[in-house]
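J.: I have a structure I would like to understand better, so I am pasting it below and will then ask my questions one at a time.
The values are calculated or read from the model by the stated rules, or taken from the named source; none is laboratory data. All of these numbers come straight from a predicted model, not from anything done at the bench. Cβ placement follows ideal geometry from the backbone for every residue including glycine, while neighbour counts extend to all protein chains displayed. Remember, those area values only see protein heavy atoms, side chains included, never the ligands or the DNA or RNA. Shrake-Rupley method; radii C 1.70, N 1.55, O 1.52, S 1.80 Å.
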Amino acid sequence: MASRNQRPEDAACEMAREAEPEGRPGSVLYAVEDVPAPHLCFLFGLQQAIMCIGGSLSIPFIISGLICASDMPEVTSELLSITMFMCGVATLLQIIFGIRLGIVQGGSHTFVAPIVAMMAVDKWACPETGAVGVNGTAIDREEVWQSRMREIQGNLMVASLTQVFLGCTGLIGVLMRFIGPLTIAPTISLIGLSLTGVVIEFNKVHWGVAFLAMALTLMFTLYLGGVRVPFPGWTRIKGCHMIKYPLFQLFPVILSICFSWLFCYILTVTDTFTTNSTLPAYQARTDARLDVLERAPWFYWPYPFQFGIPSVSAAGYVGLLAATLSSIIESIGDYFACARISGAPPPPAHAVNRGIGIEGLSSIVSGLVGAGHGTTSYSGNIGAIGITKVASRAVFLTAGGILIVCGVVGKFGAVLSLIPDPVIGGTLTVLFGMVSAVGISTLKYVDLDSTRNLTILGTSLLLGLMVPQFINDPNNAAAIDTGSEELDQMIRVMLGTAMFVGGFVGCFLDNTVPGTPEERGILSWRQNLAAENSIYNKDSNMYDLPLVTKCFRRAGWCAYIPISPSFDKDVSLICQKCCCCKNSNTDNTGPEKYAYENSVDVEVPVVQQNGTKM
């Protein structure tokens, strides 16, 4: 029985927890629409914000190196602040107007690979130290990195505009008809595999520290992940008591960075590390960039076009478009996974369309303020819901607010820029390895005994590694010469982006080489996407937009708007009829409409109140 002083929402959560088995997906303490007590809301939100910071921390360090500002810590500090600011803004937009689930938006490593290819073009090669311009004057270092940032900004905005178009028009369903596991596996895997050169640049400063950071990350993740650390806690029901918290499982990156950073500090104060600033190992010292903290402002507010008017090129657009499409695929899977683990109904088409559209809008804003990367949903934060049992929308709104505050406080970004390079490199080694492994895990739906599938996969991966390596080699600059410099750059960026080459080859072969849906993995993948997320027969009113949903439902024409809560059409089925394609599954009322199925019949289990009927 609930206590007399217990809040109604806390009592409801307690009843829900008792009603559902602890191990069942969706057995959360705080559901999506529940609101925890203010102090709990802040603590839960702070935890999610810290996880997002850990995932986004490495991106500004990578971007600063790519734009020829690796030796300018103040630039890295600014990019860190902008990244955290945009993570907060994107999270708030996604929760209020987008998918409306507890999803944290963070910086996407997917955009790093095409930026590497863009900056490998001769036009953007970093000038040597002390180089002079055509008029004999010293090259302006500010203009060097800002011109490269403007190129990234402009192409990111245009590519993200394509994402907004795909989301707002509901064409996601049409796109997904051509994408299966044999397309996703090489695309995602090559993101991590193609960035090994970037990781080496960080690690070579001091391989010992890099291996320490990597070993700590692996230890916290693999060996201590199941250890629960006792912490004092308090609730209205139990009062003061001890709780066991999966500290190592939730914060492996943050903990490894802190311990490695402390180790570098000890070696710095004892002068074990070299004091010669001209040696690479000097960057392993914790005081190598200490002057940045002194120069950084207390408050830093990102604003549009602070680095100048962005520039656009066809080459950059094509490269970042490949990253955008990969981000869309990843985010759709995250939406359904978040709904399942939160105990919510599968997101309807209008919510998915809005979520993709808002991600594109957030990436456009990221381009405006100069973040240098797009935003995407963070799977790690979604996984934390299953551990903490907290899926409250209010908690994730709080996390978004905390991220904005961290971005605005300039000193916070300056402190993070002091992290030694090999510490970042060691953690990146594990993170990029996990990205590659996530792509490979998609193959569980594919028949790996099929020679067809193995040939497609092997060809996609090998070409995805071989072609970019050849194209990005300066010695092969004359390999592409069409007579048009702009066309040369576009082809070079396309072929120099591993994920684009591997994904294109995989998609082309998978859709042209004959194969059954079972063999290709299409059938089991779509069934998994639809069936595993159809656990409960609940209505989906929780995905409606606040305040304006009634207005949308009154207007009949709003049923044709893909982002409207009253949207009840299927763009992919309309496209099918136009293309004279046949599909026996014409019923658009069941859970299978959420699966964006790929021209196969999907049998979805019917979930009843008294059990599951297969």
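J.: Which of the residues that make up the range 516-553 are over 24 Å from the mean Cα position of the chain (by Cα), modelled with pLDDT under 60 and not small (Gly, Ala, Ser)?
T.: Within the range 516-553, Ile535, Tyr536, Asn537, Lys538, Asp539 meet the criteria.
J.: Anything in the range 426-465 that is under 21 Å from the mean Cα position of the chain (by Cα) and polar (S, T, N, Q)? List them, or say none.
T.: Hits for the range 426-465 are Thr427, Thr429, Ser436, Ser441, Thr442.
J.: Another question, then. Restricting to the range 58-75, and then to whatever is open to solvent by 10 Å² or more (accessible area, probe 1.4 Å) and touching a Lys or Arg at 6+ places or on another chain (Cβ under 8 Å), can you tell me which residue is farthest from Leu290 (Cα to Cα)?
T.: Leu66
J.: Working carefully through the options Gly102, Gly88, Gly106, find the one that is over 23 Å from Gly433 (Cβ atoms) and in contact with a Ser or Thr (Cβ under 7 Å, 6 or more places away or on another chain). Walk me through it before giving the result.
T.: Details: Gly88 fails: in contact with a Ser or Thr (Cβ under 7 Å, 6 or more places away or on another chain); Gly106 fails: over 23 Å from Gly433 (Cβ atoms).
Criteria check complete, one pass: Gly102.
J.: If you don't mind, another one. Looking at Phe111, is it modelled with pLDDT of 80 or more, under 16 Å from the mean Cα position of the chain (by Cα) and open to solvent by 10 Å² or more (accessible area, probe 1.4 Å)?
T.: no
J.: A further question follows. Condition first: modelled with pLDDT of 80 or more and among the acidic types (Asp, Glu). Now tell me which residues in the range 280-305 satisfy that.
T.: Result: Asp287, single match.
J.: If you don't mind, another one. If I ask for residues that are open to solvent by less than 60 Å² (accessible area, probe 1.4 Å) and hydroxyl-bearing (Ser, Thr, Tyr), which ones from the range 280-308 would you list?
T.: Hits for the range 280-308 are Tyr282, Thr286, Tyr300.
J.: Out of curiosity, is Ile95 outside any helix (DSSP H, G or I) and either open to solvent by less than 10 Å² (accessible area, probe 1.4 Å) or of a type in the set (A, V, I, L, M, F, W, C) (or both)?
T.: Numbers: outside any helix (DSSP H, G or I): no; either open to solvent by less than 10 Å² (accessible area, probe 1.4 Å) or of a type in the set (A, V, I, L, M, F, W, C) (or both): yes.
The answer is no for Ile95.
J.: Determine, yes or no, whether Gly458 is surrounded by fewer than 18 Cβ atoms within 10 Å (Cβ to Cβ) and under 26 Å from Val312 (Cβ atoms).
T.: When the stated conditions are applied, Gly458 does not pass them.
J.: Still on this structure, please answer the following. Sort out which residues of the range 138-163 are touching a helix residue (DSSP H, G or I) at 6+ places or on another chain (Cβ under 7 Å), surrounded by fewer than 19 Cβ atoms within 10 Å (Cβ to Cβ) and not polar (S, T, N, Q), and write them in order of number.
T.: Residue satisfying the conditions is Leu161 alone.
J.: So, Gly400, is that one in contact (Cβ under 8 Å) with a residue 24 or more places away in the chain, open to solvent by less than 10 Å² (accessible area, probe 1.4 Å), part of a helix (DSSP H, G or I) and in contact with a Cys (Cβ under 6 Å, 6 or more places away or on another chain) or not?
T.: Working: in contact (Cβ under 8 Å) with a residue 24 or more places away in the chain: yes; open to solvent by less than 10 Å² (accessible area, probe 1.4 Å): yes; part of a helix (DSSP H, G or I): yes; in contact with a Cys (Cβ under 6 Å, 6 or more places away or on another chain): no.
In short, no.
J.: To continue, here is another question. Of (1) over 29 Å from Lys123 (Cα atoms); (2) surrounded by 24 or more Cβ atoms within 10 Å (Cβ to Cβ), Thr497 satisfies all except one. Which?
T.: Of everything listed in (1) over 29 Å from Lys123 (Cα atoms); (2) surrounded by 24 or more Cβ atoms within 10 Å (Cβ to Cβ), Thr497 misses just condition (1).
J.: Quickly run through the range 403-435 and pick out the residues that are open to solvent by less than 30 Å² (accessible area, probe 1.4 Å), part of a helix (DSSP H, G or I), aliphatic (A, V, I, L, M) and at pLDDT below 85.
T.: Ala414, Leu416, Ile424, Leu428, Val430
J.: Restricting attention to helices (runs of 4 or more DSSP H) lying wholly within the range 281-396, give those where 2 or more residues are under 22 Å from Val164 (Cα atoms) and of a type in the set (Phe, Trp, Tyr).
T.: In the range 281-396, the matching helices (runs of 4 or more DSSP H) lie at 314-341.
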